[in-house]
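A.B. asks: The following block contains the structure, expressed as structure tokens.
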Amino acid sequence: MKKVVILGAGFAGLHIFYKIRHLIGKKIDVTVIDSRSHSLLKPSLPEVAFEGAPISHSLVELKHTLESRGAEFIQDEVVSIDEKNNSLSLKSGESVGYDYLMVTLGALKDYDAIKGFREYGYSVCDDEQAQRLWERVKTFEGGKVVTGAAKSTWGTRVDAPPLSAPCEGPIGEIMFMLDYYLDKDKGKKRAEDYSINVFTPGEVFFEDVGDTPREAIGKFMKEYQMNLSNNKELTEIGKDFVAFEDGTKMDCDLAIIIPPYSAPQVLKDSNIGDEKGFIPTDKTMRHLDFDNIFAAGDITALAQPKLGHVAIIQGGIAAASLMKELGEDVEIPPHDLSVFCIMNMGGHNTTLIESNVLYGGNVDIGFYSPIAKMMKWGFDNYLYYNKGHMPPDLALEATDKLIKLL
Ligand SMILES: Cc1cc2nc3c(=O)[nH]c(=O)nc-3n(C[C@H](O)[C@H](O)[C@H](O)COP(=O)(O)OP(=O)(O)OC[C@H]3O[C@@H](n4cnc5c(N)ncnc54)[C@H](O)[C@@H]3O)c2cc1C
């Protein structure tokens with residue numbers, strides 16, 4: 001029996017697990033390692049931060065979920081990887097060996113890279129930050145809001161678009177959901193009581209999509225009197241300002257930011273990351289240098305932008321590559337990436353974005369409709385009630401066809 005270790009039980013790790021679990025006890029033993037007891041469904045976090053939704057609905061319990069399905073689960077932090085001896089060390093001091101390693105550790109949101117963040121900044125990227133932000137939003141009686149993503153930097157071993165902000169969808173949700181809350185729930189007046197200023201480190205906002213979704217978002221920003229500043233690299237958050245690399249500052253009473261993405265320290269310290277610690281793979285998600293290591297999701301150098309949708313595509317490819325390696329008769333799906341996200345704008349307002357122009361395709365959709373809200377609700381609930389299991393491929397394909405007809 002070959003031993004497969006899945007490092008990280010987020011979108012990619014759980015998807016790989018569900019794809020290979022029929023082989024458990026027949027060809028493989030599977031161990032899943034995660035420092036968290038519960039997997040975090042990050043796409044639901046804006047509802048926690050701006051609608052006060054309970055965090056419990058964004059959490060999937062791991063031990064029972066995985067062990068009742070035949071895997072071993074270890075809740076611990078991986079602190080070093082010895083790729084020569086196929087072994088991992090955990091914070092508890094334990095060592096774990098493997099025949100195949102699936103690296104799905106996600107990306108670290110590096111709050112500490114921004115001076116002043118811990119004192120004055122807010123974010124929405126994890127359970128702690130989202131709940132802390134809701135406490136602040138509830139008591140926010142007006143003023144200047146500034147929101148945007150900090151700049152991230154990447155290695156050079158693979159050919160992937162080097163986005164300056166690898167996931168700006170949450171910024172769209174932050175600005176529109178906060179506007180909805182202040183306007184509709186609190187009865188505050190735009191421009192008079194509050195303003196929302198948005199910055200991006202990119203040449204353009206939403207650099208991972210084409211003109212159609214960008215124009216759809218721009219139209220709402222104009223209508224809601226939101227200002228946009230491009231090419232702004234955040235350096236500091238102060239008590240009443242945010243500062244940028246070019247020496248400019250913005251007045252600010254509430255700064256909500258997406259911090260730079262970085263690789264977890266264990267990968268920066270290892271021999272399996274690129275210059276920045278992200279995992280370089282080929283398009284079958286196999287490591288460029290180590291045949292028995294695969295990776296998927298935010299931690300891969302190929303994942304640009306860093307989206308759950310991309311993590312799922314890559315997780316499916318990594319699982320198929322492993323199964324083929326184990327002698328199974330499977331086809332490895334193509335590494336055809338696209339941007340797909342449903343942006344909650346508060347209330348029933350939602351814009352569905354689908355685009356592959358970043359990868360040379362011609363799909364570029366920005367679809368504003370309450371139908372998209374129902375799709376998001378259905379998807380989030382499916383994932384939650386099915387313990388991180390994605391809806392069946394057929395349902396996803398049917399949804400994709402429906403979107404193209406709309
Ligand atoms: C606010 C927000 C909203 C988003 N909305 C959307 C959306 O609407 N649609 C979309 O497609 N994407 C969205 N995304 C992006 C999406 O959440 C990520 O792309 C996705 O979670 C990546 O999955 P992953 O499995 O690669 O990593 P993760 O989900 O981050 O999982 C990584 C796992 O590894 C574990 N781990 C890390 N380091 C260690 C270690 N050293 N030892 C042990 N365990 C470790 C972590 O605990 C975690 O469970 C959103 C992101 C944010 C922040």
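The values are calculated or read from the model by the stated rules, or taken from the named source; none is laboratory data. Just so it is clear, the model here is predicted, and its values are computed rather than measured. Cβ: placed from backbone, ideal geometry, glycine included. Neighbour counts: every protein chain shown.
A.B. asks: Which residues, taken from the stretch 346-362, are within 14 Å of residue 172 (Cβ to Cβ) and either free of Cβ contacts under 8 Å to residues at least 40 places away in the same chain or hydrophobic (A, V, I, L, M, F, W, C) (or both)? Before you say what the answer is, go through the steps one by one.
C.D. replies: So in the stretch 346-362, the residues within 14 Å of residue 172 (Cβ to Cβ) come out as 346, 349-353, 355.
Passing the criteria: 350, 352, 353.
A.B. asks: Of all residues in the stretch 313-354, count the ones that are over 17 Å from the mean Cα position of the chain (by Cα) and either in the same structural domain as residue 287 (by TED's automatic domain parsing) or not aliphatic (A, V, I, L, M) (or both).
C.D. replies: The first filter runs over the stretch 313-354 and keeps only residues over 17 Å from the mean Cα position of the chain (by Cα), leaving 317-336, 345-351.
Retained after the next criterion (residues that are either in the same structural domain as residue 287 (by TED's automatic domain parsing) or not aliphatic (A, V, I, L, M) (or both)): 317-336, 346-351.
Adding up the residues that qualify gives 26.
A.B. asks: Given the conditions (1) within 23 Å of residue 7 (Cα to Cα); (2) in contact with a helix residue (DSSP H, G or I) (Cβ under 7 Å, 6 or more places away or on another chain); (3) surrounded by 18 or more Cβ atoms within 10 Å (Cβ to Cβ), which single one is not true for residue 335?
C.D. replies: (3) is the only condition that residue 335 fails.
A.B. asks: Further question on the same structure: Would you say residue 16 is touching an Asp or Glu at 6+ places or on another chain (Cβ under 9 Å) and either buried (at least 18 other Cβ atoms within 10 Å of the Cβ) or closer than 28 Å to residue 379 by Cβ (or both)? I'd like the intermediate steps shown before the answer.
C.D. replies: Numbers: touching an Asp or Glu at 6+ places or on another chain (Cβ under 9 Å): no; either buried (at least 18 other Cβ atoms within 10 Å of the Cβ) or closer than 28 Å to residue 379 by Cβ (or both): yes.
No: the conditions fail for residue 16.
A.B. asks: Now for a different question. Step by step: first the residues of the stretch 286-326, then only those that are without any contact (Cβ under 8 Å) to a residue 40 or more places away in the chain and more than 16 Å from residue 7 (Cα to Cα), then the one that is nearest to the ligand (Cβ to nearest atom). Which residue is that?
C.D. replies: 309
A.B. asks: May I pose another question? Can you spot a residue in the stretch 164-185 that is at pLDDT 95 or above, buried (at least 20 other Cβ atoms within 10 Å of the Cβ) and of a type in the set (Val, Ile, Thr)?
C.D. replies: Among the residues of the stretch 164-185, at least one is at pLDDT 95 or above, buried (at least 20 other Cβ atoms within 10 Å of the Cβ) and of a type in the set (Val, Ile, Thr), which makes the answer yes.
A.B. asks: All but one of (1) surrounded by fewer than 17 Cβ atoms within 10 Å (Cβ to Cβ); (2) of a type outside the set (Asp, Glu); (3) in contact (Cβ under 8 Å) with a residue 40 or more places away in the chain hold for residue 60; state the number of the condition that does not hold.
C.D. replies: All conditions pass for residue 60, except number (1).
A.B. asks: Can you tell me which residues in the stretch 19-33 are under 23 Å from residue 308 (Cβ atoms) and in contact with an Asp or Glu (Cβ under 8 Å, 6 or more places away or on another chain)? Walk me through how you get there before you give the answer.
C.D. replies: We begin by selecting, within the stretch 19-33, every residue under 23 Å from residue 308 (Cβ atoms); these are 19-21, 30, 32-33.
Answer for the stretch 19-33, where residues must be under 23 Å from residue 308 (Cβ atoms) and in contact with an Asp or Glu (Cβ under 8 Å, 6 or more places away or on another chain): 30, 32, 33.
A.B. asks: Please go through the stretch 352-406 and give me each residue that is among the acidic types (Asp, Glu) and touching a Gly at 6+ places or on another chain (Cβ under 8 Å), ordered by number. Show your work before the answer.
C.D. replies: If we filter the stretch 352-406 for residues that are among the acidic types (Asp, Glu), which is where we start, we get 354, 364, 380, 393, 397, 400.
Hit for the stretch 352-406 is 364, nothing else.
A.B. asks: Is one or more of the residues making up the stretch 149-156 closer than 23 Å to residue 300 by Cα and over 17 Å from the mean Cα position of the chain (by Cα)? Walk me through it before giving the result.
C.D. replies: From the stretch 149-156, those closer than 23 Å to residue 300 by Cα are 149-156; that's our starting set.
Next, from what is left, pick out any that are over 17 Å from the mean Cα position of the chain (by Cα): 155-156.
Checking the stretch 149-156: at least one residue is closer than 23 Å to residue 300 by Cα and over 17 Å from the mean Cα position of the chain (by Cα).
A.B. asks: Taking only the stretch 80-118 into account, find how many residues are under 20 Å from residue 153 (Cβ atoms) and not hydrophobic (A, V, I, L, M, F, W, C).
C.D. replies: The qualifying residues number 6.
A.B. asks: Which one is surrounded by the most Cβ atoms within 10 Å (Cβ to Cβ) among residues in the stretch 349-388 that are in contact with a strand residue (DSSP E or B) (Cβ under 6 Å, 6 or more places away or on another chain) and over 22 Å from residue 214 (Cα atoms)?
C.D. replies: So the residue we want is 388.
A.B. asks: While we're looking at this one, here's another question. May I ask you to verify whether residue 21 is surrounded by fewer than 20 Cβ atoms within 10 Å (Cβ to Cβ) and either at pLDDT below 95 or within 8 Å of the ligand (Cβ to nearest atom) (or both)?
C.D. replies: On the way: surrounded by fewer than 20 Cβ atoms within 10 Å (Cβ to Cβ): yes; either at pLDDT below 95 or within 8 Å of the ligand (Cβ to nearest atom) (or both): no.
Judged against the criteria, residue 21 is not a match.
A.B. asks: Continuing with the same structure: Filter the stretch 200-228 for residues that are surrounded by fewer than 20 Cβ atoms within 10 Å (Cβ to Cβ) and among the polar types (S, T, N, Q) and give the result.
C.D. replies: 212, 225, 227, listed by residue number.
A.B. asks: Still on this structure: Out of the strands (runs of 3 or more DSSP E) lying entirely within the stretch 27-107, which hold 3 or more residues that are away from the ligand (no atom under 12 Å from the Cβ)?
C.D. replies: Working: elements: 28-34, 38-40, 59-61, 72-75, 78-82, 87-90, 95-97, 100-103.
Ranges flagged: 28-34.
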